[in-house]
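What follows is a single structure, written as structure tokens, with notes after it.
The values are calculated or read from the model by the stated rules, or taken from the named source; none is laboratory data. Keep in mind that what you see is a predicted model, and the values were worked out from it rather than measured. As a convention, Cβ positions derive from the backbone with ideal geometry for all residues, glycine included, and neighbour counts pool all protein chains shown. All accessible areas refer to the heavy atoms of the entire protein, side chains included, with ligands and DNA or RNA removed. Shrake-Rupley method; radii C 1.70, N 1.55, O 1.52, S 1.80 Å.
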Amino acid sequence: FINCQPSPVVMAVSVESGITNYSELDGQRICPGSTGSSTTTIFQSLADGLGIEPDWRPASGPDSLDAFSDRQNVGIGKSCSGNYDSLIVQMNASHPTDILSMTDEELNILIDAFPMMSEWVIPAGSYDFVDHDVTTVSFYASAVSSTAMDQQTGYEIFKALNEGAGREYINSAVPALENEDFIANTLADTEIPLHAGTVQYMVEKGIEVPESMIPPEYVPVSSDS
């Protein structure tokens, strides 16, 4: 288990729709995300908690963008890589777009349903067409492995993610990850045990790992082995 980057979940809507809050999605044709995705589940759960019934049209990113551009739906739900997402920029290039902000009630509905999520604020100006802070929920983009992966392999993978040529490649391929601390992000969620190799790497670096995150298969490795 590794947490890489916060992934805020947002609902972007057309300005011409007049929609300014989540309750006004009732009866509207809208894409909550890709079919079967966590984003779709999140927005459907929010709608259930609010007692509203949007006309959900799950679709892939390109298909949902085409439908938005053709005014067949009024918005798209999206989990983002940090505070910025290219699909939302493409939506605005088609016609003016805004991003809805959640109320305390809406945040509580989702955090109660999905305790691994937390409140997140996308600052005004993150998109040049959104002039207000966007309050929403976020989860971590994560990598999960089976305990069948041996400790040494897990150690080598986690080490490559955090230092040397491996981290340089990640930063080059996904610049948004450059300032992310994978170790701190991983330790932020203490409900899921780490892979034994991840624990080995953290212990080697002198990082204290909560006992609840150390799996039973972890075997301490001496520094001179």
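GNM on the chain, C-alpha springs below 10 Å: top fluctuator among Phe129, Phe43, Phe158?
Answer for the Gaussian network model of the chain: Phe129.
If each DSSP helix of 4+ residues adds -39,500 (n - 2.57) and the sum is divided by the residues in the chain, what number results at 222 nm, nearest 500 deg cm²/dmol?
About -10000 deg cm²/dmol.
Report the one residue of Val121, Gly197, Gly18 whose Cα lies farthest in the direction of the positive end of the charge dipole of the chain (charges on C-beta: Lys and Arg +1, Asp and Glu -1; origin at the Cα centre).
Gly197
Between (i) 1.08; (ii) 0.99; (iii) 1.16, which matches Cα Rg over 2.2 N^0.38 Å calculated for the structure shown?
So the structure-derived entry is (iii).
For the range 40-193, which whole percent of the accessible surface, found with a 1.4 angstrom probe, sits on carbon and sulfur atoms?
For the range 40-193, the apolar C and S fraction of the accessible surface comes to 50 percent.
Averaged per residue, what accessible area in Å² does the range 1-94 show with a 1.4 Å probe, protein chains only?
41 Å²
Running a GNM on the chain with Cα contacts under 10 Å, which residue among Glu105, Glu53, Glu180 ends up with the highest mean-square fluctuation?
Glu105
Taking the chain as a Gaussian network, where each spring joins two C-alpha atoms under 10 Å apart, which residue of Met149, Met91, Met213 fluctuates the most?
Largest GNM mean-square fluctuation: Met149.
Find how many whole Å separate the alpha carbon centroid of the range 115-188 from the alpha carbon centroid of the range 23-42.
24 Å
Could you check what % of the DSSP bridge pairs in the chain are antiparallel, to the nearest 5?
Here the antiparallel bridges make up roughly 90 percent for the chain.
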